[in-house]
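Novice: Supplied in structure tokens, the structure appears directly below.
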Number of protein chains: 2
Amino acid sequence: VPRPYELYYWPNIQGRGEFVRLALEDARAGYVDVARTKGGMKALLAYLGGKRPGLAPFAPPFLRHGVLVIAQTANILHYLGPRLGLVPASEAGRTAANQLQLTIADAVAEAHDVHHPVAVSLYYEDQKREAKRNAESFRTERLPRYVDYFERILTAGAGKFAVGRGHSYVDLSLFQLVEGLTYAFPRATKRATRKTPRLLALRDRIAERPNVASYLASDRRIPFNEDGIFRRYPELDP
Amino acid sequence: VPRPYELYYWPNIQGRGEFVRLALEDARAGYVDVARTKGGMKALLAYLGGKRPGLAPFAPPFLRHGVLVIAQTANILHYLGPRLGLVPASEAGRTAANQLQLTIADAVAEAHDVHHPVAVSLYYEDQKREAKRNAESFRTERLPRYVDYFERILTAGAGKFAVGRGHSYVDLSLFQLVEGLTYAFPRATKRATRKTPRLLALRDRIAERPNVASYLASDRRIPFNEDGIFRRYPELDP
């Protein structure tokens, strides 16, 4: 019996952990979402405090697999990709997937910074004015730029896949990115994706993959909420 | 004769390209800093516009090597690492290096967002008030947290290297991170690094590596300036 993967991430949000959850779920890999089990949060915090063996993570998500402790979302997916059959085998394919995943990570970070432009440690309520200014630039410049870019990537490739000739973890992450943007900025995302039919079609195709569909319908999928990265504050998407 | 690496990055700043330049310089790899050559900016923009073969980059830096076009700083270094002898050969070592490099990238992004909390497309002068609030949180919370983390990594390892038993591209990047923080936030960095002797010693050791030292003394090393990521605005480091 292969050892199951142990995913460590905050138990109440999709956040960055969701990109890893989607890959594990799509591949039906055996995994434990540790912080959602009894005593799991204590274990997560012990790793963060450097009180466990292995390379200390700066922040969740991190994955424990055997003796390895691996942090940084894109790095976890780079490690899991070949093991889950979710990336082309060649170095060129893996490098392309990693590049696109890091660009998705940049988009995710910018979507987060919209509601926290001043400080992660402050509440949204304490930076609302600044958030409004940031949101305007995100909605009108950055969000369209990112979705246009990924549409271009899909167009340049086989039209259906971000990398290579089959679904990869990048496609799963693009699904999550579009879902998150749609949740947080429904109007702006609708406007921006009018010219990105391939990206929308990819989102729909991923949602229909049997393992993804059953995951999304399960209670393992945490709903979007206002503690996560993608938050719906109507004043930020007028 | 092996084909030289072609680095594409903005010609007037260190920015994110500097992490790649340092690796190429330390290894004395043959490379062309394309945008600093005649007609180079045009070539850079053609790639960004998707008018060249290969996977289109979202933003510089990107590296051309044979038929491959590789973007995202950490991804470029992950690709170059084994070729330049700047990362352990094992998957575990490469994964650890990539994780740390991505954490450095997060620190760099946060250092950038200090002077651009509202929008990348606006001038600093148009977001000075917000920058002041962001800078306070960066100086007192984030900067110390990052340098403490990397000190912990150096302490847990052999004490001298971030990954494995020799210098890697992560050490070169930590040098650049400390140099950049020291330039942009001299007072806050001095305070925060009082308790990180290993990180400061690593910075000094890297600066003395012969290839790095001769690079730093050459006109290939662009000086820090207020168009880059690390900017010295005295009002942000009172």
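Novice: Please list, ordered by residue number, the helices (runs of 4 or more DSSP H) wholly in the stretch A:63-137 having 1 or more residues that are surrounded by fewer than 22 Cβ atoms within 10 Å (Cβ to Cβ) and among the polar types (S, T, N, Q).
Specialist: A:128-137
Novice: In addition: Taking the residues in the stretch B:116-138 that are within 11 Å of chain A (Cβ to nearest Cβ) and basic (Lys, Arg) as candidates, determine which candidate is nearest to residue A:111 (Cα to Cα).
Specialist: Checking each candidate, the answer is B:133.
Novice: Would you call residue B:26 at pLDDT 95 or above, touching a His at 6+ places or on another chain (Cβ under 9 Å) and more than 21 Å from residue A:93 (Cβ to Cβ)?
Specialist: It is true that residue B:26 is at pLDDT 95 or above, touching a His at 6+ places or on another chain (Cβ under 9 Å) and more than 21 Å from residue A:93 (Cβ to Cβ).
Novice: Next question, about the same structure. Just checking, does the stretch B:47-56 include any residue being part of a loop (DSSP other than H, G, I, E, B) and more than 21 Å from residue A:153 (Cβ to Cβ)?
Specialist: Taking every residue of the stretch B:47-56 in turn, none turns out to be part of a loop (DSSP other than H, G, I, E, B) and more than 21 Å from residue A:153 (Cβ to Cβ).
Novice: Of these, B:109, B:74, which one is without any contact (Cβ under 8 Å) to a residue 40 or more places away in the chain and farther than 30 Å from residue B:210 by Cβ?
Specialist: B:109
Novice: Does any residue in the stretch B:140-169 that is more than 12 Å from chain A (Cβ to nearest Cβ) come within less than 9 Å, Cβ to Cβ, of a residue that is open to solvent by 20 Å² or more (accessible area, probe 1.4 Å) and among the aromatic types (Phe, Trp, Tyr) six or more places away or on a different chain, and which pairs are these?
Specialist: Hits for this filter: B:167/B:161; B:168/B:161.
Novice: Shifting gears a bit: Provide a single number: the residues in the stretch A:42-71 that are more than 9 Å from every other protein chain (Cβ to nearest Cβ) and touching a residue at least 24 places away in the same chain (Cβ under 8 Å).
Specialist: 9
Novice: Can I ask one more? Please work out which residue is surrounded by the fewest Cβ atoms within 10 Å (Cβ to Cβ), limiting yourself to the stretch A:203-238 and to residues that are of a type in the set (A, V, I, L, M, F, W, C) and in a loop (DSSP other than H, G, I, E, B).
Specialist: If we take residues in the stretch A:203-238 being of a type in the set (A, V, I, L, M, F, W, C) and in a loop (DSSP other than H, G, I, E, B), then A:217 is surrounded by the fewest Cβ atoms within 10 Å (Cβ to Cβ).
Novice: I would also like to ask the following. May I ask you to list pairs of residues, at least six apart or on different chains, whose Cβ atoms are under 6 Å apart, with the first in the stretch B:217-238 being aliphatic (A, V, I, L, M) and the second being in a loop (DSSP other than H, G, I, E, B)?
Specialist: Qualifying pairs under 6 Å: B:222/B:14; B:229/B:15.
Novice: Would you please name the residue that is nearest to the chain's Cα centre (by Cα), looking only at residues in the stretch B:180-202 that are crowded, with 20+ Cβ neighbours inside 10 Å and of a type outside the set (Ser, Thr, Tyr)?
Specialist: Within the stretch B:180-202, the match that is nearest to the chain's Cα centre (by Cα) is B:180.
Novice: Same structure again: Here are some conditions: (1) facing chain B (nearest Cβ under 9 Å); (2) more than 29 Å from residue A:66 (Cα to Cα). Residue A:101 meets all but one. Which one does it not meet?
Specialist: (2)
The values are calculated or read from the model by the stated rules, or taken from the named source; none is laboratory data. Values in this document were obtained by computation on a predicted structure and should not be read as measured data. All Cβ positions, glycine included, derive from the backbone under ideal geometry; neighbour counts span all protein chains shown. For the accessible areas, the whole protein counts, side chains as well, though only heavy atoms, and no ligand, DNA or RNA atoms are used. Shrake-Rupley method; radii C 1.70, N 1.55, O 1.52, S 1.80 Å.
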